[in-house]
1. For region 213-280, what value does the Rg/Rh ratio take when both radii are computed over Cα atoms and Rh is the Kirkwood radius, given to two decimals?
2. Counting only heavy atoms of the protein chains, get the accessible area per residue of region 114-211 (1.4 Å probe) and round it to a whole Å² value.
3. Quick one: putting +1 on the C-beta of Lys and Arg, -1 on the C-beta of Asp and Glu, what dipole do you get for region 223-307 around its Cα centre, in Debye to the nearest 20?
4. Calculate, in nm to one decimal, what Ser203 and Glu123 gain on full extension: separation in residues at 0.36 nm each, minus their alpha carbon distance.
5. Once Rh is set to the Kirkwood radius over Cα pairs, what Stokes-Einstein translational diffusion coefficient, in µm²/s, holds for region 127-286 at a temperature of 4 °C and a viscosity of 1.567 mPa s?
6. Ratio of Rg to Rh for region 191-324, alpha carbon only, Kirkwood?
7. Which percent of the accessible area of region 254-304 is formed by carbon and sulfur heavy atoms (probe 1.4 angstrom)?
8. For region 281-293, just list the computed ³J(HN,Hα) in residue order, Karplus coefficients 6.51, -1.76 and 1.60, θ = phi - 60°, integers in Hz, with x standing in for Gly and Pro.
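The values are calculated or read from the model by the stated rules, or taken from the named source; none is laboratory data. Worth saying up front: this structure is predicted, and the values here are computed from it rather than measured. Every residue, glycine among them, receives a Cβ derived from its backbone with ideal geometry; neighbour counts consider all protein chains shown. Accessible surface areas use protein heavy atoms only, side chains included; no ligands, DNA or RNA. Shrake-Rupley method; radii C 1.70, N 1.55, O 1.52, S 1.80 Å.
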Amino acid sequence: TEFVTVSELASMMNVSATEVIGSCMSLGIFASINQRLDAETIQLVASDFGFETEFISAEVQEAIVEEEDKPEDLLERAPIVTVMGHVDHGKTSLLDYIRNASVTAGEAGGITQHIGAYSVTGESGRKITFLDTPGHEAFTAMRARGAQVTDIAIIIVAADDDVMPQTKEAISHAQAAGVPMVFAINKIDKPGANPDKIKEQLSQMNILVEEWGGKFQSQEISAKNGVNIEELLEKVLLEAEILELKANPNKTATGTVVEASLDKGRGYVTTVLVSAGTLKIGDFIIAGQHYGKVKAMNNDKGEAVTEAGPSIPVSILGFNGAPSAGDSFNVLLDEREAKQIAVKREQLKREQGLRTKKHLTLDEIGRRL
Ligand code: GDP
Ligand code: MG
């Protein structure tokens, strides 16, 4: 079996990929940066850097078997979008405007619940799901857990300001994750707004917007006044079209935890985003060391639902604890199995905590298999 790639192993050990390639070479293995290494090689290379290796997940993950999809089972799914940008450039305003506009448009009766994600329908009738924890903290926290939830990033820049350090950070996060970007040039209602200056500053970072002959879509908006928001959403959908996002809704669900909290009256409330399959009431679910039976589900409008398909965020009741944002979840056959795996994970985590610091645990490996 092959596990992590050269570059993944390098980042686990906090060394450069070149050093790992060098180490492989000394073992007579000519590896490229994206090449997967087998267990023996990983062990040898790791020990070269003073790490002990332990493969902890294989056994635990055995029970979680991914079902194969036939091409005809794959249906279009909504893109999952994150809004990132410098502080005060309008992330919250944009997310709020989009959410409220969709409610007043009568998409569903009622007040939106903040559950960490919501979905809206664009003018063309297609859906978009937004992660509404703005900023790249959530994005990086999830990435650090091996979760790639975001399909498209909206990078928002205030036109009365400049491309700022956090704008650049957001751009490099999106680039590192290989997530396509759409630029929202905000606050165009302001007297001092100068969208061209922003485009110019982006071009200095090698980011050329379409009007300037580049490949990046950008849209001038006012998040506060709701100007050109539909146009922005249509550009996001255009980007999504290129990605051809698909998932099989007809199998047991897998996905990612978006947020979790303890509600005094209701117990643990966990928002999950289904990436494939359909999550149903009564399913036995596990995420991190926590498990449970899905007792109730609510959508982003606070309505009770009985199932959730790909790209649909729901808050669920039934977990016996609060999993972390970015944890992947799986549905298992029965409670006994879910509990067994949870206990095993708990035990492994405890053991890990007791060990010395220079120890490489390849915990994420199993998840990728
Ligand atoms: P965040 O820090 O990126 O979440 O930014 P906020 O959404 O909190 O916005 C920061 C400030 O800019 C708030 O006072 C908003 O009202 C204001 N703001 C956001 N968008 C616009 C806009 O399009 N036009 C104007 N004039 N003000 C805006
Ligand atoms: Mg904010």
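1. Values: Rg = 18.0 Å, Rh = 15.6 Å.
Taking Rh as the inverse mean 1/r over Cα pairs, Rg/Rh reads 1.15.
2. It amounts to 40 Å² per residue over region 114-211.
3. My answer is approximately 560 debye.
4. Details: separation 80, 0.36 × 80 = 28.80 nm, distance 3.04 nm.
Fully extending the segment from Ser203 to Glu123 adds 25.8 nm.
5. Details: Rh = 17.7 Å.
In µm²/s, the coefficient is 73.
6. 1.14
7. Working: 950 of 1990 Å².
Ligands and nucleic acids excluded, carbon and sulfur give 48 percent.
8. 4, x, 5, 8, 10, 9, 8, x, 9, 10, 8, x, 10
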